[in-house]
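Written below as C-alpha coordinates is the structure these notes are about.
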Amino acid sequence: MKLLTTALFATVSLALATAAGAATDKENWDLHCAKCHAADGSGATKIGQRLKLKDYTKADNQALFTDEQSLDAIKNGVKDAAGKFTMNPYSEKLSAEEMQALVPFVRSLKK
Ligand code: HEC
(Lines give C-alpha, C1' and ligand atoms only; values in the text may rest on other atoms or scores of the structure.)
Protein backbone atom coordinates (compact mmCIF):
# COMPACT_ATOMS: atom_id res chain seq x y z
CA MET A 1 0.00 0.00 0.00
CA LYS A 2 2.81 2.34 0.90
CA LEU A 3 4.55 1.42 -2.37
CA LEU A 4 1.38 2.12 -4.32
CA THR A 5 0.99 5.51 -2.67
CA THR A 6 4.61 6.31 -3.43
CA ALA A 7 4.21 5.24 -7.04
CA LEU A 8 1.05 7.30 -7.43
CA PHE A 9 2.70 10.29 -5.87
CA ALA A 10 5.70 9.92 -8.18
CA THR A 11 3.42 9.67 -11.22
CA VAL A 12 1.44 12.74 -10.21
CA SER A 13 4.61 14.73 -9.50
CA LEU A 14 6.05 13.70 -12.84
CA ALA A 15 2.86 14.70 -14.66
CA LEU A 16 2.82 18.06 -12.90
CA ALA A 17 6.50 18.62 -13.60
CA THR A 18 6.05 17.76 -17.27
CA ALA A 19 3.07 20.09 -17.59
CA ALA A 20 5.06 22.95 -16.11
CA GLY A 21 8.18 22.29 -18.17
CA ALA A 22 11.34 21.62 -16.16
CA ALA A 23 10.79 20.40 -12.62
CA THR A 24 11.84 22.60 -9.73
CA ASP A 25 14.59 21.54 -7.33
CA LYS A 26 12.00 20.62 -4.68
CA GLU A 27 9.97 18.54 -7.16
CA ASN A 28 13.10 16.70 -8.26
CA TRP A 29 14.13 16.12 -4.67
CA ASP A 30 10.72 14.69 -3.74
CA LEU A 31 10.59 12.58 -6.88
CA HIS A 32 14.14 11.22 -7.07
CA CYS A 33 15.90 11.74 -3.76
CA ALA A 34 13.41 11.67 -0.88
CA LYS A 35 12.88 7.89 -1.02
CA CYS A 36 16.39 7.50 0.38
CA HIS A 37 17.34 10.86 1.89
CA ALA A 38 13.78 11.66 3.21
CA ALA A 39 11.82 14.78 2.28
CA ASP A 40 13.59 16.76 5.00
CA GLY A 41 17.04 15.35 4.18
CA SER A 42 17.35 13.52 7.51
CA GLY A 43 17.78 10.13 5.82
CA ALA A 44 15.08 8.75 8.12
CA THR A 45 13.59 6.35 5.58
CA LYS A 46 13.74 2.55 5.44
CA ILE A 47 16.30 2.62 2.62
CA GLY A 48 18.12 5.50 4.29
CA GLN A 49 18.54 3.51 7.49
CA ARG A 50 19.75 0.47 5.58
CA LEU A 51 22.30 2.59 3.67
CA LYS A 52 23.21 4.44 6.89
CA LEU A 53 22.59 7.80 5.23
CA LYS A 54 23.85 10.87 6.97
CA ASP A 55 21.43 13.41 8.34
CA TYR A 56 21.74 16.44 6.04
CA THR A 57 19.69 18.62 8.39
CA LYS A 58 22.86 18.67 10.54
CA ALA A 59 25.57 21.24 9.79
CA ASP A 60 28.32 18.73 10.73
CA ASN A 61 27.21 16.34 8.01
CA GLN A 62 26.80 19.12 5.45
CA ALA A 63 30.44 20.03 6.12
CA LEU A 64 31.56 16.54 5.03
CA PHE A 65 31.17 17.31 1.32
CA THR A 66 31.84 20.30 -0.92
CA ASP A 67 29.40 21.65 -3.52
CA GLU A 68 31.61 20.01 -6.19
CA GLN A 69 31.35 16.63 -4.45
CA SER A 70 27.60 17.11 -4.10
CA LEU A 71 27.21 17.77 -7.83
CA ASP A 72 29.54 14.87 -8.62
CA ALA A 73 27.41 12.49 -6.50
CA ILE A 74 24.23 13.67 -8.26
CA LYS A 75 25.78 13.39 -11.75
CA ASN A 76 27.86 10.24 -11.35
CA GLY A 77 26.32 8.49 -8.36
CA VAL A 78 27.96 7.01 -5.27
CA LYS A 79 29.47 3.52 -5.07
CA ASP A 80 30.24 1.32 -2.11
CA ALA A 81 33.61 -0.35 -1.49
CA ALA A 82 32.58 -3.24 -3.75
CA GLY A 83 31.94 -0.82 -6.64
CA LYS A 84 28.17 -1.22 -6.50
CA PHE A 85 26.04 1.92 -6.84
CA THR A 86 24.41 2.86 -3.53
CA MET A 87 23.15 6.08 -5.12
CA ASN A 88 22.44 5.99 -8.84
CA PRO A 89 23.77 8.65 -11.21
CA TYR A 90 21.20 11.19 -12.38
CA SER A 91 22.95 12.54 -15.48
CA GLU A 92 20.46 10.75 -17.75
CA LYS A 93 17.36 11.60 -15.74
CA LEU A 94 17.96 15.27 -15.01
CA SER A 95 19.23 18.17 -17.07
CA ALA A 96 22.50 19.89 -16.16
CA GLU A 97 20.48 22.83 -14.79
CA GLU A 98 18.30 20.56 -12.67
CA MET A 99 21.33 18.78 -11.18
CA GLN A 100 23.03 22.10 -10.50
CA ALA A 101 19.88 23.42 -8.80
CA LEU A 102 19.87 20.47 -6.40
CA VAL A 103 23.24 21.49 -4.92
CA PRO A 104 21.92 24.62 -3.13
CA PHE A 105 18.69 22.74 -2.43
CA VAL A 106 20.62 20.09 -0.46
CA ARG A 107 22.33 22.92 1.47
CA SER A 108 18.93 24.42 2.27
CA LEU A 109 17.97 21.21 4.12
CA LYS A 110 20.32 22.22 6.95
CA LYS A 111 18.33 23.35 9.98
C1 HEC B 1 19.06 4.73 -3.50
C2 HEC B 1 19.16 5.76 -2.44
C3 HEC B 1 19.58 7.16 -2.85
C4 HEC B 1 18.91 8.03 -3.68
C5 HEC B 1 17.61 7.80 -4.43
C6 HEC B 1 19.68 9.26 -3.67
N7 HEC B 1 20.79 9.13 -2.86
FE8 HEC B 1 22.13 10.58 -2.43
N9 HEC B 1 23.25 9.28 -1.37
C10 HEC B 1 22.94 7.94 -1.19
C11 HEC B 1 24.07 7.29 -0.54
C12 HEC B 1 24.12 5.81 -0.16
C13 HEC B 1 25.04 8.28 -0.33
C14 HEC B 1 26.40 8.11 0.35
C15 HEC B 1 26.27 7.96 1.85
C16 HEC B 1 26.14 9.25 2.56
O17 HEC B 1 26.86 10.20 2.23
O18 HEC B 1 25.34 9.36 3.53
C19 HEC B 1 24.49 9.52 -0.85
C20 HEC B 1 25.16 10.72 -0.82
C21 HEC B 1 24.63 11.91 -1.29
C22 HEC B 1 25.30 13.19 -1.17
C23 HEC B 1 26.65 13.44 -0.50
C24 HEC B 1 27.76 13.23 -1.49
C25 HEC B 1 29.12 13.16 -0.82
O26 HEC B 1 30.12 13.37 -1.53
O27 HEC B 1 29.21 12.85 0.38
C28 HEC B 1 24.48 14.12 -1.74
C29 HEC B 1 24.71 15.62 -1.86
C30 HEC B 1 23.33 13.41 -2.24
N31 HEC B 1 23.45 12.07 -1.95
C32 HEC B 1 22.28 14.00 -2.92
C33 HEC B 1 21.25 13.29 -3.54
C34 HEC B 1 20.30 13.89 -4.45
C35 HEC B 1 20.23 15.36 -4.80
C36 HEC B 1 19.49 12.87 -4.89
C37 HEC B 1 18.37 12.93 -5.92
C38 HEC B 1 18.71 13.49 -7.23
C39 HEC B 1 19.94 11.64 -4.23
N40 HEC B 1 21.02 11.94 -3.43
C41 HEC B 1 19.34 10.40 -4.38
C42 HEC B 1 21.76 7.31 -1.56
C43 HEC B 1 20.77 7.85 -2.36
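The values are calculated or read from the model by the stated rules, or taken from the named source; none is laboratory data. These numbers were taken from a predicted model, which means no experiment stands behind them. Here the Cβ is made from the backbone with ideal geometry for all residues, glycine too, and neighbour counts use every protein chain on show.
Per-structure values
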item	result
Filter pass, LYS58 being touching a helix residue (DSSP H, G or I) at 6+ places or on another chain (Cβ under 8 Å) and either of a type in the set (Lys, Arg) or modelled with pLDDT under 95 (or both)	no
Filtered residues of the stretch 73-89 (kept if aliphatic (A, V, I, L, M) and assigned to a helix (DSSP H, G or I))	ALA73, ILE74
Answer residue from the stretch 44-82, given it is in contact (Cβ under 8 Å) with a residue 12 or more places away in the chain and hydroxyl-bearing (Ser, Thr, Tyr) and is surrounded by the most Cβ atoms within 10 Å (Cβ to Cβ) among those	TYR56
Leading residue by the ranking (nearest to the ligand (Cβ to nearest atom)) among those in the stretch 88-111 that are in contact with a helix residue (DSSP H, G or I) (Cβ under 6 Å, 6 or more places away or on another chain) and more than 17 Å from ALA23 (Cβ to Cβ)	PRO89
Filter result for ALA22 (surrounded by fewer than 18 Cβ atoms within 10 Å (Cβ to Cβ) and modelled with pLDDT under 95)	yes
Filter result for LYS46 (modelled with pLDDT of 95 or more, more than 9 Å from the ligand (Cβ to nearest atom) and under 17 Å from TYR90 (Cβ atoms))	no
Cβ pairs under 7 Å, 6+ apart, first in the stretch 85-111 and free of Cβ contacts under 8 Å to residues at least 40 places away in the same chain, second in a loop (DSSP other than H, G, I, E, B) and near the ligand (Cβ under 7 Å from one of its atoms)	THR86/LEU51; MET99/TYR90
Long-range neighbours under 7 Å by Cβ, at least six apart or interchain, first residue in contact (Cβ under 8 Å) with a residue 60 or more places away in the chain and hydrophobic (A, V, I, L, M, F, W, C) within the stretch 22-37, second within 6 Å of the ligand (Cβ to nearest atom) and outside any helix (DSSP H, G or I)	none
Residue count for the stretch 72-100, restricted to those that are within 19 Å of SER42 (Cα to Cα) and of a type in the set (A, V, I, L, M)	4
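To keep it simple, each residue is scored yes or no on (1) part of a helix (DSSP H, G or I); (2) at positive phi; (3) under 13 Å from the mean Cα position of the chain (by Cα).
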{"residue": "LYS26", "(1), (2), (3)": "yes, no, yes"}
{"residue": "HIS32", "(1), (2), (3)": "yes, no, yes"}
{"residue": "GLY43", "(1), (2), (3)": "no, yes, yes"}
{"residue": "LEU53", "(1), (2), (3)": "no, no, yes"}
{"residue": "TYR56", "(1), (2), (3)": "no, no, yes"}
{"residue": "LEU71", "(1), (2), (3)": "yes, no, yes"}
{"residue": "SER91", "(1), (2), (3)": "no, no, yes"}
{"residue": "VAL106", "(1), (2), (3)": "yes, no, yes"}
